[in-house]
1. Can you go through Val218, Val229 and tell me which one is at pLDDT 95 or above, out of contact with any Leu (no Cβ under 9 Å at 6 or more places or on another chain) and among the β-branched types (Val, Ile, Thr)?
2. For Glu204, all conditions in the list (1) within 13 Å of the ligand (Cβ to nearest atom); (2) surrounded by fewer than 23 Cβ atoms within 10 Å (Cβ to Cβ); (3) of a type outside the set (A, V, I, L, M, F, W, C); (4) in a helix (DSSP H, G or I) hold save one; what is the number of the exception?
3. Please work out if Ala190 is in the same structural domain as Lys27 (by TED's automatic domain parsing), more than 15 Å from the ligand (Cβ to nearest atom), assigned to a loop (DSSP other than H, G, I, E, B) and hydrophobic (A, V, I, L, M, F, W, C).
4. Could you tell me whether Arg153 is in contact with a Cys (Cβ under 7 Å, 6 or more places away or on another chain), more than 15 Å from the ligand (Cβ to nearest atom) and over 26 Å from Pro28 (Cβ atoms)?
5. Which one is nearest to Ile193 (Cα to Cα) among residues in region 7-51 that are more than 16 Å from the ligand (Cβ to nearest atom) and part of a strand (DSSP E or B)?
6. Take Val229 and decide whether it is in contact (Cβ under 8 Å) with a residue 24 or more places away in the chain, assigned by TED's automatic domain parsing to the domain that holds Glu143, within 30 Å of Gly140 (Cα to Cα) and out of contact with any strand residue (DSSP E or B) (no Cβ under 7 Å at 6 or more places or on another chain).
7. Mind listing whichever residues of region 156-187 are surrounded by 19 or more Cβ atoms within 10 Å (Cβ to Cβ) and within 18 Å of the chain's Cα centre (by Cα)?
8. Any idea which residue in region 99-135 is surrounded by the fewest Cβ atoms within 10 Å (Cβ to Cβ), counting only those that are within 16 Å of the ligand (Cβ to nearest atom) and farther than 22 Å from Leu72 by Cβ?
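The values are calculated or read from the model by the stated rules, or taken from the named source; none is laboratory data. Quick caveat: nothing in here was measured; it's all calculated off a predicted structure. Note: ideal-geometry Cβ built from the backbone for every residue, glycine included; neighbour counts use all protein chains shown.
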Amino acid sequence: MEVIIEPTAKEVGIMGANIITEHILRKPALVLGLATGSTPLITYNELVRKHQDGGLDFSKVVTFNLDEYLGLPPTHPQSYAHFMNENLFDHINIDRQNIHVPSGLALDPHGYCESYEEDIKRSGGIDLQLLGIGRDGHIGFNEPGSSLGSRTRVKTLTRETVQDNATFFRNESEVPRFAITMGAGTITQARRILLLASGASKAEAVAATVEGPVSASVTASVLQLHPDVILIADEEAASKLERRAYYRWIQENKSQVNGVISRQIRERLGM
Ligand code: PGA
């Protein structure tokens, strides 16, 4: 896992947007996995700005969102479909047919989850998956204890998640108890993963994800098995990483590594 530590959430969000932009410029028909929550908001604002001011073109980009509450229509203000429209899709030139957010109204949710997996496969697979992380180390709605090989499915939310979400609804009885979420196994099939984390409340989850054992108790820890993960954390979220100094050292030396290797090769070849 490549660990990049930035001063604040703002730099984390902007760097996330820059990485997504580089991918779109290299591959205009990028298959992009997206996340909701407060963490990616700065990234989405920056992508909107790059589209409006710099003409960043989303017309061929295909998106797949991680999750959605079961039972909420896309027009519900707390639905993730609504969140994505408000914060990204309504402000860029994406083709609506290329947007995939799991449907909270699927009549046959289990069959629907299989068809969501099929849609990802048919698109050629996710090139770049954006992720936030929960305080308990979850990714998507893969609550602690989720199988690390799990696929898109209906997940029962923990009592804590339901209680945390109650503030967004009129009362707790209105909070959805279930969600459709890509599984940990679905997520780790993405070719590249971009995990963003900011704030002190994420410090323990980040440390467990990067330096703890791979465990279903911290579903993000499955990312240790993936060959191409970039974690961008702000100082607060990185504060409990024991190898912080080494991760910084790697970044400081990164720009030199190609030069050093090519010099060594030239020397060996006597050039
Ligand atoms: P947050 O949520 O970005 O709102 O902190 C992240 C998550 O729970 O996955």
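1. Going through Val218, Val229 in turn, just one is at pLDDT 95 or above, out of contact with any Leu (no Cβ under 9 Å at 6 or more places or on another chain) and among the β-branched types (Val, Ile, Thr): Val218.
2. Glu204 satisfies every listed condition except (1).
3. yes
4. So Arg153 fits the description; yes.
5. Restricting to residues being more than 16 Å from the ligand (Cβ to nearest atom) and part of a strand (DSSP E or B), the top hit is Leu32.
6. For Val229, the condition - in contact (Cβ under 8 Å) with a residue 24 or more places away in the chain, assigned by TED's automatic domain parsing to the domain that holds Glu143, within 30 Å of Gly140 (Cα to Cα) and out of contact with any strand residue (DSSP E or B) (no Cβ under 7 Å at 6 or more places or on another chain) - is not met.
7. Ala179, Ile180, Thr181, Met182, Gly183, Ala184, Thr186, Ile187
8. In this case the residue turns out to be Arg135.
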